[in-house]
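Accompanying notes for the structure given below.
Values quoted throughout were computed directly from the atomic coordinates according to the rules given, and no laboratory measurement underlies them. Note that the structure is predicted; figures quoted are calculated from it, not measured. Methodologically, a virtual Cβ is constructed for each residue, glycine included, from the backbone with ideal geometry; neighbour enumeration extends over all protein chains shown.
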């Protein structure tokens with residue numbers, strides 16, 4: 001009877017449509033049979049990238065904030081769990097010196113002759129314990145625990161989503177750094193080629209073979225190419241700064257971590273993408289959207305419970321004694337025992353308009369989160385499909401770009417030889433050199449696009465969060481700092497029971 005019934009809706013996982021297969025399914029570069037690589041960044045075979053990802057896990061500040069939100073949710077769940085037990089528990093103790101008014105005392109006496117016998121100055125002592133327990137008849141506090149448990153799991157999913165986003169952003173920024181380095185090297189190489197062309201034009205002009213126009217055209221192209229290098233260097237420095245922030249370090253410290261060849265990371269020959277339905281399980285943001293809706297569903301029940309009478313049991317037990325009328329009083333004797341106990345019923349029948357609208361507010365919020373869940377699933381599927389399309393088409397483009405660069409390099413060689421021999425004018429050399437630089441930049445951008453689309457694909461698939469399973473969500477130095485201020489017990493390091501139960505068997509640490 002005390003357990004009673006639980007009012008409010010019961011949460012069921014919302015339905016969300018996903019495609020049966022990817023439109024790019026069947027492409028030899030993709031595999032739907034294999035599981036998504038949980039350490040996908042290692043497929044690039046770049047030790048510098050591997051090291052940067054590891055550092056980011058340890059030092060990234062927004063990820064630490066996400067971990068602290070889990071700790072906050074653990075403490076909040078503890079508060080909600082405690083509300084199922086007596087809500088008001090007070091141990092009291094007091095002692096007072098009392099001096100009674102002679103007139104007030106006399107006015108209350110029936111026998112005025114006894115006035116002289118009254119001791120108007122005495123001591124009072126009291127020690128007791130008060131408690132108030134609202135019986136969770138309508139499941140108000142059980143719904144609170146449900147909401148807190150779902151909120152805790154949502155914070156865990158948000159943390160995992162932060163891990164996925166961090167990994168992808170580190171990899172994307174690293175690709176950007178390497179792309180700028182390649183573009184700078186290409187620009188510098190083209191400057192050397194164009195300097196040679198300028199020397200030829202200058203020599204032919206000095207010997208009276210050609211007009212000054214050829215020399216000026218050669219210098220224009222040369223200076224134009226040189227002007228692109230500071231712009232590329234500025235972009236490289238900004239990418240370094242972004243990477244430093246991701247690593248939780250001041251700017252200027254990341255250059256030492258970028259050892260190794262200056263090349264754009266190469267994608268593996270085959271990429272495992274799984275089936276569309278798997279993103280509902282793998283993507284932490286999808287799970288977070290579901291759990292946030294579950295937490296809100298429980299809040300509807302909390303609001304609805306306020307519509308009904310609440311049943312409470314209150315009681316006081318203690319010891320009371322006074323020295324009035326006696327030479328002494330023993331506070332800790334059986335005769336000093338005093339107590340009271342009884343039920344209390346509160347029925348807010350005059351507040352139905354406010355309370356009903358409170359239920360409507362929570363229900364409207366719940367419906368919003370159900371819609372948000374379906375929208376999150378649709379966006380997740382779109383992100384995977386977009387990344388797949390970009391990845392495959394960029395690889396197809398790269399094949400043509402490589403051929404175009406090879407042809408452009410040969411054109412420059414031939415045009416310079418023919419110009420030196422006087423067979424063609426300098427315009428042919430200019431056109432060939434401009435085309436070479438353009439095709440080289442296009443190929444570098446295409447290679448970069450392949451890598452960034454692959455990064456986006458793994459992010460969209462929700463890959464990488466598993467690497468933090470079993471690892472502390474709050475760094476040990478921060479744990480020590482927090483423990484100096486507050487007694488945390490094992491809450492900073494040990495997961496709560498709901499966190500363990502929510503994991504599939506294959507994913508439990």
remark   = Pseudo-spin-label distance residue 263 to residue 27, built 7 Å along Cα→Cβ, given in nm, is 2.3
task = Relative to the longest principal axis of the C-alpha atoms of the chain, give the angle of the C-alpha long axis of helix 284-305, reported between 0 and 90° and rounded to the nearest 10°.
result = 20
key: Within the chain, percent of DSSP bridges classed antiparallel, to nearest 5   = 95
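Students often check this: by mean Cβ neighbours within 10 Å, which of 402-409, 481-488, 255-262, 266-273 ranks highest, and how do the rest follow? Write down the numbers at each step before the final one.
Details: 402-409: 15.5, 481-488: 10.4, 255-262: 12.1, 266-273: 17.2.
Order by mean packing, descending: 266-273, 402-409, 255-262, 481-488.
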ask   = Kirkwood hydrodynamic radius for the stretch 192-332: how many Å is it when counted over pairs of different Cα atoms?
value = 26.0
ask   = From Cα coordinates alone, what are the radius of gyration and Dmax values for the chain in angstrom?
value = 37.9, 145
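Subtract the Cα-Cα distance of residue 379 and residue 431 from 0.36 nm times their separation in residues, and report this length gain in nm to one decimal. Show your work: numbers first, answer last.
Values: separation 52, 0.36 × 52 = 18.72 nm, distance 4.48 nm.
Full extension of this stretch gives 14.2 nm more.
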task = Compute the separation of the alpha-carbon centres of the stretch 46-98 and the stretch 443-499 and state it in Å as a whole number.
result = 17
remark   = Here, residue 90 and residue 354, labelled 7 Å along Cα→Cβ, have an inter-label distance in nm of 2.3
note = With the 8 Å Cα cutoff and a minimum separation of six or more residues, the chain has a relative contact order in percent of 27
task = Starting from the Cα of residue 417, step 7 Å along the direction of its Cβ; do the same at residue 207; then give the gap between the two resulting points in nm.
result = 1.8
task = Would you work out if the stretch 1-79 is rounded, prolate or oblate? Take a ≥ b ≥ c from the square roots of the eigenvalues of the alpha-carbon gyration tensor; rounded if a/c is under 1.5, else prolate when a/b is larger than b/c, oblate otherwise.
result = oblate
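Helix-only estimate, please: 222 nm mean residue ellipticity of the chain, summing -39500 (n - 2.57) across DSSP H runs of length 4 or more and dividing by its residues, to the nearest 500. The partial results should precede the final answer.
Working: 11 runs with 288 residues, N = 509.
It lands at -20000 deg cm²/dmol.
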note = Semi-axes (Å, rounded, descending) of the ellipsoid equivalent to the stretch 350-509 per its C-alpha gyration tensor are 60, 25, 16
Taking the convex hull of Cα positions in the stretch 140-237, its mean projected area over all directions (nm²) = 8.8
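What is the packing order of peptides 25-36, 436-447, 456-467, taking the mean over residues of other C-beta atoms within 10 Å and listing the highest first? Mind dumping the intermediate values first?
Details: 25-36: 13.5, 436-447: 20.2, 456-467: 23.0.
Going by the mean number of other Cβ atoms within 10 Å, highest first, we get 456-467, 436-447, 25-36.
If I take every Cα pair under 8 Å that is 6 or more residues apart in the stretch 316-448, average their sequence separation and divide by the length, what percent do I get for the relative contact order? Show your work: numbers first, answer last.
On the way: 64 pairs, mean separation 23.8, N = 133.
So the answer I get is 18 percent.
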ask   = Angle, helix 61-82 long axis vs. longest principal axis of the chain, Cα atoms, 0 to 90°, nearest 10?
value = 20
ask   = For the Cα atoms of the chain, what angle does the longest principal axis make with the long axis of helix 426-460, in degrees from 0 to 90, nearest 10?
value = 30
query = For the stretch 123-166, what size does the Cα cloud have along each of its three principal axes, sorted from largest down, in whole Å?
reply = 68, 31, 6
request  = Quick one: check the C-alpha center-to-center distance for the stretch 334-398 versus the stretch 131-158, whole angstrom.
outcome  = 13
query = Fully extended, how many nm does the chain gain between residue 330 and residue 256 (0.36 nm per residue separation, minus their Cα-Cα distance)?
reply = 18.8 nm
Relative contact order computed over the stretch 186-271 (Cα-Cα under 8 Å; 6+ residues apart), in percent = 22
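Applying a 10 Å radius around every beta-carbon, put 65-78, 290-303 in order of their mean neighbour count, most first.
Values: 65-78: 18.4, 290-303: 23.4.
Result, highest mean Cβ count within 10 Å first: 290-303, 65-78.
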